[in-house]
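Comments concern the structure below.
The values are calculated or read from the model by the stated rules, or taken from the named source; none is laboratory data. Everything numeric here is computed off the predicted structure, so don't read it as measured data. Because the Cβ atoms are built from the backbone with ideal geometry, glycine has one as well, and the counts that use them run over all protein chains shown. Ligands, DNA and RNA are excluded from the accessible area calculation, which covers all protein heavy atoms including side chains. Shrake-Rupley method; radii C 1.70, N 1.55, O 1.52, S 1.80 Å.
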Amino acid sequence: MKHHNEKIILACRRAWDDAGRGRMLLAVSGGADSTALFLAFQKAGIPFEVAHCNFNLRGSESLRDREFVKVLCMNYGVRLHVEEFDAAKEARPKESVEMVCRRLRYDFFRKLKQKDGFARIVVAHNADDNVETFFINALRGSGSRGLRGMEADTGEILRPLLRFRHRDILSFLKENRQSYVLDSSNLRSQDFRRNFLRNEVFPLLESKWEGFYTAVATTMDIQARENRIVDHFTSQALEGVDDFLPWHKIYNFPDSETLIFYFIHRFGGSPDVAREMAASADSLMPGKFWNLNDEYTASFTRKGIQVSKRLPSEEPAPPTWHWEKLEGDALNMDQVATAPLSVAYLPDSSENYRWENADKKMRIKSLGMEGSQLVWKVLKDAGIPLAERRDVAVLVDVRSGEPVWIPGIKRSRLCLVAPDATSAYRLSLEGEARGGL
């Protein structure tokens with residue numbers, strides 16, 4: 001038996017032993033990694049069934065992948081579960097293609113696991129995937145929880161190939177003369193961050209540091225072990241804590257920001273929100289609150305931090321905007337040129353614009369500047385607290401999809417009124433004085 005054969009099959013066997021030797025559900029797309037996982041489990045004599053998702057995003061390629069997996073399972077007498085999705089229709093607002101497919105995929109796997117009693121859902125993530133995840137989390141500003149990488153066994157998800165490079169997996173398939181399809185079903189081509197790291201950054205780093213992947217794997221292992229210590233002590237400090245965290249627990253913990261993060265993380269809170277809350281804890285302001293997500297909010301009280309469900313009545317009523325057409329003598333170009341940021345003069349009427357909530361990816365081409373800026377950074381510079389930024393309304397041009405105005409904060413150089421225009425539209429808050437027009 002050859003080198004990669006031995007190591008990969010043995011790793012799968014040990015992972016199965018450690019997981020309790022139950023019947024496993026393998027996620028198989030037909031690509032190299034998942035096909036190798038299938039073959040290794042088959043050679044190791046592990047009882048398993050296969051789940052395959054068809055998202056109908058790539059036409060004939062999707063059908064090709066599905067048929068490949070069907071033939072693979074039929075050749076080895078393995079039971080196959082196939083689910084068909086219309087991923088485009090299933091997407092939620094502002095949900096990327098990658099996110100909707102991941103959500104649908106794992107929902108399907110979990111339903112099968114619960115229904116048929118599988119011990120684990122087994123996926124084919126490898127060492128390259130893990131290093132990519134490490135860097136993406138690091139660039140997001142993650143703590144030890146994100147820098148530990150993916151877990152080999154979460155109690156629900158099993159990843160037996162996590163210590164093998166993708167090239168090792170390809171060698172295993174070659175040794176066994178096993179074919180596979182191009183693994184496009186995982187939508188890697190759509191994930192520009194991973195593509196940039198995989199195709200440009202990592203080859204350069206590996207050319208300068210021969211042990212690059214080994215070094216990052218070692219760092220992730222250290223982070224995982226240190227994170228277990230953090231988990232232990234935060235769990236002790238949060239024992240008996242449900243949706244209310246008393247100040248005395250926060251002040252007696254070695255690092256208040258860490259404890260606050262572990263508390264709000266259960267309700268969708270982020271490290272950035274925890275940092276803001278910890279910074280505000282010294283100048284306690286009862287009633288100050290942060291929106292953790294669409295469902296929960298965290299607020300300061302005299303006795304501690306209270307997490308509550310966000311109610312519709314808690315949402316402030318949106319302001320009413322007034323559109324006014326100006327032409328002839330009513331159009332004063334000096335006022336257009338010197339208008340405050342609380343008012344926008346636009347070349348056309350309201351049907352050409354829409355209001356959107358600010359988000360992290362939105363960019364604005366600021367008036368008087370070159371290039372573009374992240375709206376999130378503009379709001380930060382304007383002193384808008386992190387928890388309130390998603391509630392900021394941004395006027396967007398329907399035709400281009402680009403922001404043109406953040407009321408009171410920033411105006412875009414797009415959709416400006418031309419100096420020789422004979423008409424324009426003034427947009428302001430309902431009830432604002434419009435004297436002189």
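Structure above, values below:
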| quantity | calculated |
| --- | --- |
| Virtual spin-label span in nm between Asp272 and Asn352, 7 Å along Cα→Cβ | 3.2 |
| Residue-span extension gain [Lys325 to Ser235] - 0.36 nm each, minus C-alpha spacing | 26.4 nm |
| Estimated inter-spin distance, Glu226 and Asp243, nm [label 7 Å along Cα→Cβ] | 3.5 |
| FRET efficiency estimate (nearest 0.05) - Cβ-Cβ, Arg92 to Arg399, R0 25 angstrom | 0.50 |
| Inter-label distance for Asp334 and Arg310, nm, one decimal - labels placed 7 Å from Cα along Cα-to-Cβ | 4.5 |
| Difference of contour (0.36 nm per residue) and Cα-Cα distance, Lys361 to Arg390 | 9.3 nm |
| Cut-off 20 Å (backbone N to label point 7 Å along Cα→Cβ of Lys303), residues of the stretch 236-279 | 237-253, 260, 263-264 |
| Global size of the stretch 44-87 as Cα Rg and Dmax, reported in angstrom | 11.6, 35 |
| Backbone HN-Hα couplings from phi across the stretch 363-372 [Karplus 6.51/-1.76/1.60, Hz, Gly and Pro as x] | 10, 10, 8, 5, 4, x, 10, 8, x, 9 |
| Fully extended contour minus Cα-Cα distance, from Leu429 to Leu341, at 0.36 nm per residue | 30.5 nm |
| Size of charge dipole - the stretch 9-124 - debye, nearest 20, with Cβ of Lys, Arg +1 and Asp, Glu -1, no other charges | 320 |
| 1.4 Å probe accessible area per residue over the stretch 92-248, in Å² | 57 |
| Listed candidates (i) 22.6; (ii) 23.5; (iii) 25.9 - label of the one calculated as Kirkwood radius over Cα pairs in Å | (iii) |
| Candidates Met277, Met369, Met150: whichever shows maximal mean-square fluctuation once the chain is modelled as a Gaussian network with Cα springs under 10 Å | Met369 |
| With every protein chain in place, the chain: carbon and sulfur % of accessible area (1.4 Å) | 52 |
| For the stretch 324-390 versus the stretch 149-171, the gap between their alpha-carbon centres in whole angstrom | 47 |
| Inter-centroid distance (Cα atoms) of the stretch 40-89 relative to the stretch 103-130, Å | 13 |
